[in-house]
Amino acid sequence: MTVPPVLSVEHLTIRFGGLVAVDDLSFEAAPGQITALIGPNGAGKTTVFNCITGFYKPDVGRLTFRRETGASFLLERMDGFRIAQAGVVRTFQNIRLFPGMSVVENLMVAQHVKLMHASLFSVAGFLRLPRFLHAEAQAIERARYWLERTGLVDQADLPAGSLPYGAQRRLEIARAMCAGPSLLCLDEPAAGLNPRESQGLNELLLSIRDEHGISILLIEHDMSVVMQISDRIVVLEQGRKIAAGPPDEVRVNPEVIRAYLGVEDEETAVAVLQGEGARA
């Protein structure tokens, strides 16, 4: 029996005035896999993310998200906060933590909706009823777990804005995981990281996939991340898909070498796609 994709993007098109930012794009993300969306600046990657997560409404196209329970959602018809509640959670290229809150408070905020429901919108919380106390204990345990997995236990009580850049990146992913996603959408999570931090990111994302069964959709320019952890790669150029497949196929695809890297030297291009050169 064929397992349906966790995300199906069908004929996605979005225009800004006379500019076609995404042009008739179709691809699928398989459940329990890491799917990378790559391409040069201006290829439309973040626009696709913004459509999937409800920040933009496409002019044309269907975006179908399927949970492991069998429930399905047409994302193009939903408000952004409903999409997050359905199980599609994202991070951003520019870090968007609550800098004045502590690290652990950032993780608790991610669970606010669940806690509000458990509190019957404050009544059970005010009265400290068992249903709320149970939900609160679960939220604290979940926050503790992701503090441990991201190496942030010792910084739990520090303001999030005081953390080093790499630690803030990890905190963003921990916060997203505390929201309980079925599909985790990461917009350039390796941006600004050094090679050691990028390797740590690889290990974290692989553990999220392998140990928790979470599907990941990834935008990333760092080929050392993309090529090492992706199960499938979709390549965009000027809003259109020019290639899709496993890393071994994409790294030697002539269209990718030509259009994505903008170079004719195939040997240099393949080295970059293998993560041996600079960011593309």
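Each value in this text was obtained by applying a stated rule to the coordinates, not by laboratory testing. Computed from a predicted structure; not experimentally measured. Cβ coordinates were reconstructed from backbone atoms using ideal geometry, including for glycine residues, and neighbour counts include every protein chain displayed.
One table, with the values for the structure above:
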{"read-out": "Candidates VAL256, VAL226, VAL60, ranked by Gaussian network fluctuation over the chain, Cα under 10 Å, top entry", "value": "VAL60"}
{"read-out": "Rel. contact order, % - alpha carbon contacts under 8 angstrom, at least six apart, the chain", "value": "24 percent"}
{"read-out": "Gaussian network model of the chain, springs between alpha carbon atoms under 10 Å - residue of LEU133, LEU218, LEU19 with greatest fluctuation", "value": "LEU19"}
{"read-out": "Using alpha carbons only: equivalent-ellipsoid semi-axes of the chain, gyration tensor based, whole Å", "value": "34, 23, 16"}
{"read-out": "Cα-centre dipole for the chain with unit charges at Cβ (Lys and Arg positive, Asp and Glu negative), debye to 20", "value": "1220 debye"}
{"read-out": "Axial C-alpha extent at least 15 Å, average Kyte-Doolittle at least -1.0 - helices from the chain (DSSP)", "value": "130-149, 165-178, 195-212"}
{"read-out": "Fraction of beta bridges assigned by DSSP in the chain that are antiparallel (%, nearest 5)", "value": "55 percent"}
{"read-out": "Helix-only [θ]222 nm of the chain, DSSP H runs n ≥ 4, -39500 (n - 2.57) each, per residue, nearest 500", "value": "-11000 deg cm²/dmol"}
